[in-house]
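One structure is given below, represented as C-alpha cells, and several questions about it will come after.
The values are calculated or read from the model by the stated rules, or taken from the named source; none is laboratory data. This one's a predicted model, so the numbers in the text were calculated from it and none came from an experiment. Backbone-built Cβ (ideal geometry, glycine too); neighbour counts: all protein chains shown.
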Amino acid sequence: MHARLSPYFLLLALASPPASPAETLTLQAAQLKALGIATQTVGAADDGRPGGLPARVVVPNEQMRVVAAPVGGMIELLAVAPGASVRRGQVVARLASPQALELQRDALQAGSQSALLQQNLKRDEQLFAEGLIAESRLQATRAAAAQAGAQASERRQGLALAGIAPGKLGGPLSLLAPIDGIVLEQAAQLGQRVEASAPIYRIARLSPLWLEIQAPLGLAAGLREGMPVKLANSAVSGKLIAVGRVVDSASQSVLLRAAVSKGAETLTPGQVVEVELAGADRTGQRLPAAALFRHDGKTFAFVQVSSDDQGASFAARPLRVVSQGGETVAVEGIKANERVAVKGVSALKAMLTGVGKE
C-alpha cells in the first residue's frame, strides 16, 4: 500500500525528484500556505526557565491503603464514593457474609468450651489436693484445658483478622477506613458478591506527594538528594529525595523522585506536570514532538535556513533525542533562536523522500 497525499501536494512532489536529507527544500509563499507549514523559534516556549523536565504525580506507597473484603459475601452498603474524604475508623462499606457468621459461631463455641474446661481444671486441682483423684487425671484435664484455650485464642485471632467484633451472632460486617485520607478508587459495586481479599476501596493520604521525574542521563549525573524542586509557573515546591541508578534503554533517561509538601493539595495523582530543578543545567533544546520525524533510522527536524516575502527554505537536520515527556522532546544538534517547522512536517518529509509517487 502506498501513502497518499492531497492532489495539490502530489503535483508538487511529482514536479521534482526526491531530495536527500542534506539538500534544501525551497517553497514559495503559496506552497507554504497550501501545505500548512508553520515554524517556531527554538527556546521561545522556555521563558528562560531552568531545568524544565516532565514529571508525573504519584502517591507514596506508605500513604496508600486498600479496604478489602476480609471474608466472602455480598456488599449491601457502599457509604463513600471516589473523591470523598474519610476518617480513620469510619464505616465505608458493609458486607453480608455467611462466612462471618460461621467465624463468630466457631469463636463462641471455642470460648464456651475453653471456659468449661477451665472450670473442670479448677475442680480437679482441688480434688487432687484433697487426695480424691489421681495425678494422671489432673494432667489430662490440664492438657484438655490448654488445648481448648489455644483453640479459643485462634478463633479470636481469626475474628480480629477479619475485622469482626467478638460477641453474639448476627448483623452485617462493617468495613472501616484504615487511615484518614481520600478515596481514590472504588473497585466493587453495590449488591456484588465478592471473595475474601477482593478490593473494595483504595484510600490514600495526599500530602506529601511524590513527583517521578524523567531526567537526561547527563543531567542526572550532577544531581544530589535534597536539591530544591519547583513546578513550572507554580508556587508548588519540594525537594529531591532519590536519584535513580537505572537508565531507561529507550529514552536514555534516569528516574528522579521528589517529595512535595508545599502546595500538594493542588496536585492530583496521575497528573503530568513540568518541574524545574534549581541549579541544574538542562541538556539540549526542547522542541514539540510534532517537529521531529524519522528517516533511515535517524531523527530529523526541518530547520528554516532562509525566509523572505517570496517563500522559505528548509534543511533536514539530524538531531539526538536526549529525553521525551508529554508533548515536548529535549534534543541536541540545534541552537536557541533557530526556527524549525512544527506544522506541515509530514508534507515536507514527503517532498524530501518522494512519498506519494506511484
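Quick check on E62: is it under 25 Å from P269 (Cβ atoms), in a helix (DSSP H, G or I) and at pLDDT below 95?
Taking the combined requirement at face value, the residue satisfies it.
Give me a count of the residues in segment 23-41 that are assigned to a helix (DSSP H, G or I) and more than 20 Å from L287 (Cβ to Cβ). I'd like the intermediate steps shown before the answer.
Residues of segment 23-41 that are assigned to a helix (DSSP H, G or I), as a first pass: 29-35.
With the extra rule that they be more than 20 Å from L287 (Cβ to Cβ), the set shrinks to 29-31, 33-34.
Residues that pass the stated criteria total 5.
Please go through segment 102-148 and pick out each residue that is acidic (D, E) and touching a Lys or Arg at 6+ places or on another chain (Cβ under 7 Å).
Within segment 102-148, the first condition is being acidic (D, E), and the residues that meet it are 102, 106, 124-125, 130, 135.
Matches in segment 102-148: D106, D124.
Continuing with the same structure: Could you tell me whether segment 199-216 includes any residue that is more than 17 Å from the chain's Cα centre (by Cα), modelled with pLDDT of 90 or more and surrounded by fewer than 19 Cβ atoms within 10 Å (Cβ to Cβ)?
yes
Which residue out of R56, R65 is surrounded by 14 or more Cβ atoms within 10 Å (Cβ to Cβ), touching a residue at least 24 places away in the same chain (Cβ under 8 Å) and closer than 30 Å to A341 by Cα? Full working, then the answer.
On the way: R65 fails: closer than 30 Å to A341 by Cα.
Only one candidate passes the filter, namely R56.
Given the structure, is R294 surrounded by fewer than 14 Cβ atoms within 10 Å (Cβ to Cβ) and over 25 Å from the mean Cα position of the chain (by Cα)?
Values: surrounded by fewer than 14 Cβ atoms within 10 Å (Cβ to Cβ): yes; over 25 Å from the mean Cα position of the chain (by Cα): yes.
So R294 fits the description; yes.
Any idea how many residues of segment 103-148 are exposed (fewer than 12 other Cβ atoms within 10 Å of the Cβ) and under 30 Å from G73 (Cα atoms)?
So the count comes out to 0.
Going through V86, V42 one at a time, which residue ends up being buried (at least 20 other Cβ atoms within 10 Å of the Cβ), assigned by TED's automatic domain parsing to the domain that holds K343 and within 33 Å of the chain's Cα centre (by Cα)?
Within the list V86, V42, the selection yields V42.
Inside segment 231-256, can you point out the residues that are hydroxyl-bearing (S, T, Y) and surrounded by fewer than 17 Cβ atoms within 10 Å (Cβ to Cβ)?
Taking segment 231-256 first, the residues hydroxyl-bearing (S, T, Y) are 234, 237, 249, 251, 253.
S234, S249 - these are the residues of segment 231-256 that are hydroxyl-bearing (S, T, Y) and surrounded by fewer than 17 Cβ atoms within 10 Å (Cβ to Cβ).
Another question about this same structure. Among the residues of segment 95-104, is any modelled with pLDDT of 85 or more, in a helix (DSSP H, G or I) and in the same structural domain as G149 (by TED's automatic domain parsing)? Write out each step before concluding.
Our first condition is that a residue be modelled with pLDDT of 85 or more; within segment 95-104, this holds for 95-96.
If we keep only those that are in a helix (DSSP H, G or I) as well, we get none.
No, segment 95-104 contains no residue that is modelled with pLDDT of 85 or more, in a helix (DSSP H, G or I) and in the same structural domain as G149 (by TED's automatic domain parsing).
Only strands (runs of 3 or more DSSP E) wholly contained in segment 252-336 count here; list those with 3 or more residues that are closer than 17 Å to N233 by Cα and at pLDDT 85 or above.
Details: elements: 253-262, 272-277, 285-288, 292-295, 298-308, 311-325, 328-332.
Because the criterion is at least 3 residues that are closer than 17 Å to N233 by Cα and at pLDDT 85 or above, the strands (runs of 3 or more DSSP E) in segment 252-336 that meet it are 272-277.
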